[in-house]
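Undergrad: To start, I am sharing the structure in question, which I have written as structure tokens.
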Amino acid sequence: MKGLRRNEDAMKDKAGIKNYFCFMQLSVWERDSFFEEQDVIIIGSGLVGLWSAFELKQKQPGLKISILERGLIPTGASTRNAGFACFGSPSELLHDRTLLGESKMWDIVEMRYRGMQKMKNVLKDDFIDLQITGGYEVYNTEYANWNELRDGIDGLNKELKKITGSDECFTWADDKLKEFGFSGFDSMIENKLEGYLHSGKLVQALLKKVQTMGVQVFTGVEVKQWQTISGKVKIDTNVGIAFNAEQMLICTNALTAALVPELNIVPARGQIVLTSPIPNLKMKGAFHYDEGFYYFRNLGDRILLGGARNKAFEAEQTSEMITSDVIQQHLENFIAQHLLPREKFTIEQRWSGIMGFTDNKEPMVKKLNNNVGVAIACNGMGVALSPIIAEKVCEMML
């Protein structure tokens, strides 16, 4: 009894309930079931982690797979984004073409489009609230690449037809600017193949699917360090339990620096605001502005707006999941000036999510050694890219 009392006191004094397992001996039943050696342990239960587990189980149903998640739910961007189902606005494609070159840009666009189709086929549209309402991009004529955009739409459509099968993916829709009640924009392009969804329900649907397939998901478990020993991976955690596996896959996106700092994944905070209900709200759809740095949509009769990190690039390269006065003010001003110029509104909710970016804007799927791989850096397009990144994970790990 004295020994038990010392353990109880230690729990309270050091870390309380959070480190409960640190002072508890595992039973033989627990060691041989929940905590037995796994074929694959995935770090991070966001979209890439869940899709990777799904794809691995699809290819080899007998694999023993566990996912370790440091939060109560995915912590990062998967459930803290704007809920867009998109594969690239015209100005973003022009920007990416300059950055990546023609061939690589179209390869990534194809991955995004294929990912959207796979998501629709695997998950029910009604359960994740997926609605292809149309996507739009709005412009001012002082946009730096306006002439290139105006003259290049036919070329973009020609290449997009090879991917989507649609004759006219991008069409001019200037007449809808007034219909949506916007102010201060000169032109608009519509993409009928895009829309939006419910990010929380998307992750829930994936979580239920992989658990049904036999994947274990441990929440509140943070990886403190890992090492490969004799062809196995040993993973030490904050709960005092060491997990062991044949292979480990790191899917921690912008938070990867804590585990693999040498990969140089740059965090990018995306801040979002949600307005009060707007009577007779005119706009409906998913919208982009300024090469995708601003993105907004309707959520029922409210407006959800995110972005503006290009107003403070350096400050927004952070993994702190809080909002900042500077960006929040930019977002509120954008709504007042462009989206609701004649309406009163209040901001009901504010939040932020952390994206992960590579220097070349390409997702990173690679092996660190024979037993450890990474699948990270969706560069702001995780909803569309993650199903296809998971396919590449299978090629790499199986």
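The values are calculated or read from the model by the stated rules, or taken from the named source; none is laboratory data. For clarity, every value in this text was computed on a predicted model and none was experimentally measured. Here the Cβ positions follow ideal geometry from the backbone for every residue, glycine too, while neighbour counts run over all protein chains shown.
Undergrad: For the stretch 277-284, state whether one or more residues are in a strand (DSSP E or B) and either surrounded by 15 or more Cβ atoms within 10 Å (Cβ to Cβ) or not assigned by TED's automatic domain parsing to the domain that holds residue 319 (or both). Give the derivation first.
TA: From the stretch 277-284, those in a strand (DSSP E or B) are none; that's our starting set.
No, that holds for no residue.
Undergrad: Filter the stretch 199-233 for residues that are farther than 18 Å from residue 121 by Cβ and assigned to a loop (DSSP other than H, G, I, E, B) and give the result.
TA: Once the filter is applied, which keeps residues that are farther than 18 Å from residue 121 by Cβ and assigned to a loop (DSSP other than H, G, I, E, B), the stretch 199-233 yields 214, 215, 220, 221, 222, 230, 231.
Undergrad: All but one of (1) closer than 28 Å to residue 257 by Cα; (2) out of contact with any Gly (no Cβ under 6 Å at 6 or more places or on another chain); (3) of a type in the set (Ser, Thr, Tyr) hold for residue 33; state the number of the condition that does not hold.
TA: (1) is the only condition that residue 33 fails.
Undergrad: Applying the selection to the stretch 316-359, what residues are assigned to a helix (DSSP H, G or I) and loosely packed, with under 13 Cβ neighbours inside 10 Å?
TA: Residues of the stretch 316-359 that are assigned to a helix (DSSP H, G or I), as a first pass: 325-339.
Residues satisfying the conditions are 325, 329, 333, 337.
Undergrad: What residue, among those in the stretch 25-69 that are touching a strand residue (DSSP E or B) at 6+ places or on another chain (Cβ under 7 Å) and among the acidic types (Asp, Glu), is farthest from residue 234 (Cα to Cα)?
TA: Residue satisfying both the conditions and the ranking: 69.
Undergrad: If you don't mind, another one. Any chance the stretch 203-215 includes a residue that's among the basic types (Lys, Arg) and not assigned by TED's automatic domain parsing to the domain that holds residue 387? Before you say what the answer is, go through the steps one by one.
TA: Step one: of the stretch 203-215, the residues among the basic types (Lys, Arg) are 208-209.
If we keep only those that are not assigned by TED's automatic domain parsing to the domain that holds residue 387 as well, we get none.
No: the stretch 203-215 contains no residue that is among the basic types (Lys, Arg) and not assigned by TED's automatic domain parsing to the domain that holds residue 387.
Undergrad: Can residue 125 be described as at pLDDT 95 or above, closer than 15 Å to residue 197 by Cα, in contact with a strand residue (DSSP E or B) (Cβ under 9 Å, 6 or more places away or on another chain) and not hydrophobic (A, V, I, L, M, F, W, C)? Can you show your working first?
TA: Values: at pLDDT 95 or above: no; closer than 15 Å to residue 197 by Cα: yes; in contact with a strand residue (DSSP E or B) (Cβ under 9 Å, 6 or more places away or on another chain): yes; not hydrophobic (A, V, I, L, M, F, W, C): yes.
Spelling it out, it is not the case that residue 125 is at pLDDT 95 or above, closer than 15 Å to residue 197 by Cα, in contact with a strand residue (DSSP E or B) (Cβ under 9 Å, 6 or more places away or on another chain) and not hydrophobic (A, V, I, L, M, F, W, C).
Undergrad: What are the pairs, 6+ residues apart or on separate chains, where a residue within the stretch 110-138 that is part of a loop (DSSP other than H, G, I, E, B) has its Cβ under 8 Å from a residue that is of a type in the set (S, T, N, Q)?
TA: What qualifies is 125/131; 134/191.
Undergrad: State yes or no: is residue 102 of a type in the set (Asp, Glu), touching a Gly at 6+ places or on another chain (Cβ under 6 Å) and outside the structural domain of residue 284 (by TED's automatic domain parsing)? Can you show your working first?
TA: Numbers: of a type in the set (Asp, Glu): yes; touching a Gly at 6+ places or on another chain (Cβ under 6 Å): no; outside the structural domain of residue 284 (by TED's automatic domain parsing): yes.
Spelling it out, it is not the case that residue 102 is of a type in the set (Asp, Glu), touching a Gly at 6+ places or on another chain (Cβ under 6 Å) and outside the structural domain of residue 284 (by TED's automatic domain parsing).
Undergrad: Next question. Going by the structure shown, is residue 383 in contact (Cβ under 8 Å) with a residue 60 or more places away in the chain, part of a helix (DSSP H, G or I), among the hydrophobic types (A, V, I, L, M, F, W, C) and in contact with a Leu (Cβ under 7 Å, 6 or more places away or on another chain)? So that I can check it myself, show each step before the final result.
TA: Details: in contact (Cβ under 8 Å) with a residue 60 or more places away in the chain: yes; part of a helix (DSSP H, G or I): yes; among the hydrophobic types (A, V, I, L, M, F, W, C): yes; in contact with a Leu (Cβ under 7 Å, 6 or more places away or on another chain): yes.
For residue 383, the condition - in contact (Cβ under 8 Å) with a residue 60 or more places away in the chain, part of a helix (DSSP H, G or I), among the hydrophobic types (A, V, I, L, M, F, W, C) and in contact with a Leu (Cβ under 7 Å, 6 or more places away or on another chain) - is met.
Undergrad: Show the residue pairs meeting these rules: Cβ distance below 6 Å; 6+ apart or different chains; first residue within the stretch 56-76 and part of a loop (DSSP other than H, G, I, E, B); second residue of a type in the set (Gly, Ala, Ser) and at pLDDT 95 or above.
TA: Listed by first residue and then by second, the contacts come to 74/45; 74/46; 76/46.
Undergrad: Do you know which residues across the stretch 305-356 are without any contact (Cβ under 8 Å) to a residue 24 or more places away in the chain, farther than 24 Å from residue 177 by Cα and of a type in the set (A, V, I, L, M, F, W, C)?
TA: 312, 313, 315, 326
Undergrad: While we're looking at this one, here's another question. Residue by residue through the stretch 235-253, note down the ones that are part of a loop (DSSP other than H, G, I, E, B) and within 13 Å of residue 77 (Cβ to Cβ). Even if it seems obvious, please write down each step before you answer.
TA: Within the stretch 235-253, the subset part of a loop (DSSP other than H, G, I, E, B) is 238-241, 251-252.
The answer is 251, 252.
Undergrad: Here's another thing I want to ask about it. Any residue at all in the stretch 254-268 that's surrounded by fewer than 17 Cβ atoms within 10 Å (Cβ to Cβ), of a type in the set (D, E, K, R) and not in a loop (DSSP other than H, G, I, E, B)?
TA: Scanning the stretch 254-268 turns up at least one residue that is surrounded by fewer than 17 Cβ atoms within 10 Å (Cβ to Cβ), of a type in the set (D, E, K, R) and not in a loop (DSSP other than H, G, I, E, B).
Undergrad: Going by what's in this entry, would residue 36 be described as surrounded by fewer than 19 Cβ atoms within 10 Å (Cβ to Cβ), in a loop (DSSP other than H, G, I, E, B) and at pLDDT 95 or above? Quick ask: steps written out before the conclusion?
TA: Values: surrounded by fewer than 19 Cβ atoms within 10 Å (Cβ to Cβ): yes; in a loop (DSSP other than H, G, I, E, B): yes; at pLDDT 95 or above: yes.
Yes.
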